[in-house]
Amino acid sequence: MNGHNKRFIRRGMKVLFAFCALFLTVFGTSAAETFRMSTLGPGTSPYMVMTHFANTVNQEIDDYSIVVNATGAATKHALDVAKGKTDFSMTSPMLFHLMKNKMAMFKKIKNVDTLSDNLRAVFNFPMGVYHIAVYDDSGIKSLKDIKGKRVFVGPPGGVARRTSQTIIEAATGYKAGEDYTAVKLGWDSAAQAFQDKNIDVYFNPTNAPSPVISQVALTNKLRFLGISKDVAETDPKLKKLLSQPSYRLAELASDAYGPNQVNSEPVYTVGVTVGIMTNKDLSEEAIYTMTKTFWQNVEKDAENAPWLRNISLDAAFTDLNMPLHVGALKYYQEIGIR
């Protein structure tokens, strides 16, 4: 190699080293630790709250970042968190109860009760109420009218599907597959199918006003179906549901969706509490920092996101039946509320 080439290579190496030094100075020597979060599809309350949690962490904390997966059912997400395959997911007191006691969709899953011991709560929040939406021109005016119709009751294998079918059976005696078609879609696909009028009845447990339903109500008249208070107080299956963790009788206001909502009176439906959970083995410092950062910003953020006004420390422990993660507990003890 001649002298000219050697000098050229030396100059090139100096430029490369200088660039690397500049990069490390500007961007630091270590990347943020990345966590995985699974939640329900767009338009649901868990999606909105949990993506906001992730966005807050990503924007406010340099050391941590969260990547969100918004597909699949909460039951599968819970198993993934318990096995350490993902770091956060939506939970509900009812879901944890079923998992802990090997019931319903968890009945045949090996060691699921032991796996549930790996789960820890970050906080609970109101998921909202079960919206049962139909187009006003569909002719469906009550749950009795859904016979023979295409109904989205929640994704296959999910707790919402089980709850929706209980509501229908309590109010009408109808069974899925016999009296109506329980369509098999995920949350995102179902929202689009309802907007396209490819399903007749749309169940969505969410805070009002739901962005997905609000979008439909901008250009269409909607009716919301409900259950009578008498049925809620006397039907054995519904009474049992309402007595279980996270469920209660609730009302959907007659003006929740503006002038295109045709209900003249509030409708009785089922209200639900859900939450964010993680694995017990995640670091105390990480969960402490994330929890603290979320709550320190939520009131400010609610100024631009009205639905966040439903999220408060007052409801963080409502229906809580799962141990808190030590990092979350550290923050709540620090501010004197646990």
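The values are calculated or read from the model by the stated rules, or taken from the named source; none is laboratory data. Just so we're clear, the structure is a prediction, and the values are computed from it rather than from any experiment. With ideal geometry, Cβ positions are generated from the backbone for all residues, glycine too; neighbour counts draw on all protein chains shown. Keep in mind that these areas ignore ligands, DNA and RNA; they rest on the heavy atoms of the full protein, side chains included. Shrake-Rupley method; radii C 1.70, N 1.55, O 1.52, S 1.80 Å.
The table for this structure:
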| read-out | value |
| --- | --- |
| Gain in span if fully extended, T114 to A253, counting 0.36 nm per residue against the direct Cα distance | 45.9 nm |
| Vicinal HN-Hα couplings computed from phi for segment 31-44 (Karplus, 6.51 cos²θ - 1.76 cosθ + 1.60; Hz; Gly/Pro x) | 8, 5, 6, 9, 10, 10, 10, 10, 8, 6, x, x, x, 8 |
| Within straight-line cross-link reach of K292, lysines at Cα separation under 24 Å, skipping those fewer than 8 residues along the same chain | K280, K300, K330 |
| A315 versus D62: modelled label distance in nm, points set 7 Å from Cα along the beta carbon direction | 3.5 nm |
| Those residues of segment 29-48 whose amide nitrogen sits under 16 Å from the label point placed on Q192, 7 Å along Cα→Cβ | 41-44 |
| Stretch gain in nm, segment E33-V326, where the contour uses 0.36 nm per residue and the Cα spacing is subtracted | 103.6 nm |
| Prolate/oblate/rounded call for segment 211-338, Cα gyration tensor, a/c under 1.5 rounded | oblate |
| Ratio Rg/Rh [Cα only; Rh per Kirkwood] for segment 51-101 | 1.04 |
| Ranking by accessible area, most exposed first, for L218, L324 with a 1.4 Å probe | L218, L324 |
| ³J(HN,Hα), Karplus 6.51/-1.76/1.60, whole Hz, each residue of segment 247-259, x for Gly, Pro | 10, 7, 6, 9, 10, 9, 4, 6, 10, 4, 10, x, x |
| Two-decimal Rg to Rh for segment 140-262 - Kirkwood Rh, Cα set | 0.94 |
| DSSP-defined beta bridges in the chain - what % are antiparallel, rounded to 5 | 65 percent |
| Interchain or long-range residues, amide H under 5 Å from N263's placed H | F224 |
| The chain - percent of accessible surface contributed by carbon and sulfur, probe 1.4 Å | 51 percent |
| Cα-projected label distance for A305 with S214, points at 7 Å along beta-carbon direction, nm | 1.3 nm |
| As computed over segment 85-213, the Cα convex hull volume per residue (Å³) | 130 Å³ |
| Residue-wise HN-Hα coupling along segment 129-144, computed from phi with Karplus coefficients 6.51, -1.76, 1.60 (Hz; x: Gly, Pro) | 10, 6, 7, 10, 9, 9, 6, 4, 7, 6, x, 8, 10, 7, 4, 4 |
| Hydrodynamic radius of the chain per Kirkwood, over alpha carbon pairs, in Å | 21.8 Å |
| DSSP loop GluC sites (Glu not before Pro) with at most 16 other Cβ within 10 Å excluded, longest remaining stretch of the chain | 1-177 |
| Computed label-point distance, nm, for sites K83 and S142 using a 7 Å Cα→Cβ extension | 4.6 nm |
| Lys, Arg +1 and Asp, Glu -1 on Cβ, resulting dipole of the chain about Cα centre, debye, nearest 20 | 1320 debye |
| In range of the label at E265: residues from segment 133-162 whose backbone nitrogen is under 15 Å from the point 7 Å along Cα→Cβ | 142-143 |
| Heavy-atom accessible area ranking, 1.4 Å probe, most first, across T206, T289 | T289, T206 |
| Solvent accessible area, Å² - R338, 1.4 Å probe, full protein context | 140 Å² |
| Mean accessible surface per residue for the chain, computed with a 1.4 Å probe while every protein chain stays in place, in Å² | 48 Å² |
| Interchain or long-range residues, amide H under 5 Å from F123's placed H | I276 |
